[in-house]
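Heads up, the thing below is written out as structure tokens.
The values are calculated or read from the model by the stated rules, or taken from the named source; none is laboratory data. Just so we're clear, the structure is a prediction, and the values are computed from it rather than from any experiment. For neighbour counting, all protein chains shown are included, and Cβ atoms are generated from backbone atoms with ideal geometry for every residue, glycine included.
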Amino acid sequence: MWDPAVYRRYADERSRPFADLVARIGARAPRTVVDLGCGDGELTATLAERWPAATIKGIDSSPEMIAKAKILAEERDIATWRPDGEDVVVTNAALQWVPGHQELISEWMAALPDGAWFAMQVPGNFDAPSHRALRELARSEEYAIEGIRDAPVDDAAGYAARLSEIASVDAWETTYVHLLPATGPDHPVLSWMEGTALRPVKAALDDTRWQAFRASLGRRLAEVYPARSGHVAFPFRRIFVVAHKGE
Ligand SMILES: C[S@@+](CC[C@H](N)C(=O)[O-])C[C@H]1O[C@@H](n2cnc3c(N)ncnc32)[C@H](O)[C@@H]1O
């Protein structure tokens, strides 16, 4: 289950990659735009400011997120979505949750009309100390949680190689160094991860074990991300791909 309020704890930090992604889409006057995995629709709504004449729609599989959305949004799994003549497809911080998305994006690109734009951003931090600590603890004898994957995404070069067979591709990686205030009772990286990567762990444990897990992970995170001058520096690598299908 997604908790929109927990996800929005770091809304400013999470919005910047979306803006950086969308800035590289060259569409001037698209008629139809879709945001796959739109979440609560806050960022999707900014697309209407850029393209006021476009019909803009989001899809997301979380009823909790869709309930918050103030945009045209449909509850639906990305894996079942297929292009229907859209001029722009955006997907931000969602495809890492969709197994097999690499094959899907090739299919989508082939099915989109000439002139269409496809823009995706996924986290590329699965090898960061935060995620290594999460995996170690989740796979430890004490918790033995199944289904925690090493890296559900490719690197930017991998996506570029795949899509450049069909489209002009602009692919890059950026590491944002988020300076998270260390003011609350929890370590801020723990607080960040609770909104996303820790969701499957929480879902796998009862409340007592979940509280023990988060306390233990919090101690590990405090060792690798120490607070300095009231902040914790949290480097976060992200992978971007913008593909334009020739006319
Ligand atoms: C990290 S949030 C990103 C939300 C939004 N794109 C943003 O950037 O703020 C990931 C979103 O992807 C959605 N999601 C995950 N797997 C999905 C799937 N298979 N189909 C549709 N939505 C999915 C979740 O419900 C969640 O709202």
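Below, the figures for the structure above:
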{"quantity": "In the stretch 73-90, the residues that are within 19 Å of Ala48 (Cα to Cα), without any contact (Cβ under 8 Å) to a residue 60 or more places away in the chain and either assigned to a loop (DSSP other than H, G, I, E, B) or near the ligand (Cβ under 9 Å from one of its atoms) (or both)", "calculated": "Gly85, Glu86"}
{"quantity": "Condition broken by Val33, with the remaining ones in (1) more than 9 Å from the ligand (Cβ to nearest atom); (2) over 30 Å from His231 (Cα atoms); (3) in contact (Cβ under 8 Å) with a residue 60 or more places away in the chain satisfied", "calculated": "(3)"}
{"quantity": "Residue in the stretch 50-72 that is within 19 Å of Ala243 (Cα to Cα) and within 11 Å of the ligand (Cβ to nearest atom) present", "calculated": "no"}
{"quantity": "Out of Leu190, Leu205, sole residue that is without any contact (Cβ under 8 Å) to a residue 40 or more places away in the chain and hydrophobic (A, V, I, L, M, F, W, C)", "calculated": "Leu190"}
{"quantity": "Single residue of Ala45, Ala29 found to be part of a loop (DSSP other than H, G, I, E, B), modelled with pLDDT of 95 or more and of a type in the set (A, V, I, L, M)", "calculated": "Ala29"}
{"quantity": "Enumeration of residues in the stretch 97-143 that are loosely packed, with under 14 Cβ neighbours inside 10 Å, aliphatic (A, V, I, L, M) and either under 15 Å from the mean Cα position of the chain (by Cα) or modelled with pLDDT under 95 (or both)", "calculated": "none"}
{"quantity": "Those residues of the stretch 187-210 which are among the acidic types (Asp, Glu) and either modelled with pLDDT under 95 or crowded, with 18+ Cβ neighbours inside 10 Å (or both), in sequence order", "calculated": "Glu194"}
{"quantity": "Of all residues making up the stretch 177-186, the number that are of a type outside the set (A, V, I, L, M, F, W, C) and crowded, with 20+ Cβ neighbours inside 10 Å", "calculated": "0"}
{"quantity": "Complete set of residues in the stretch 16-26 that are assigned to a helix (DSSP H, G or I) and either surrounded by 15 or more Cβ atoms within 10 Å (Cβ to Cβ) or in contact (Cβ under 8 Å) with a residue 60 or more places away in the chain (or both)", "calculated": "Arg16, Pro17, Phe18, Asp20, Leu21, Val22"}
{"quantity": "Top-ranked residue of the stretch 93-149 - restricted to ones that are on the phi > 0 side of the Ramachandran plot and touching a helix residue (DSSP H, G or I) at 6+ places or on another chain (Cβ under 9 Å), ranked as nearest to the ligand (Cβ to nearest atom)", "calculated": "Ala93"}
{"quantity": "The stretch 2-14 - residue that is within 7 Å of the ligand (Cβ to nearest atom) and assigned to a helix (DSSP H, G or I) and, of those, modelled with the highest pLDDT", "calculated": "Arg14"}
{"quantity": "Residue satisfying all of: in the stretch 15-30; out of contact with any Phe, Trp or Tyr (no Cβ under 6 Å at 6 or more places or on another chain) and hydrophobic (A, V, I, L, M, F, W, C); nearest to the ligand (Cβ to nearest atom) among these", "calculated": "Phe18"}
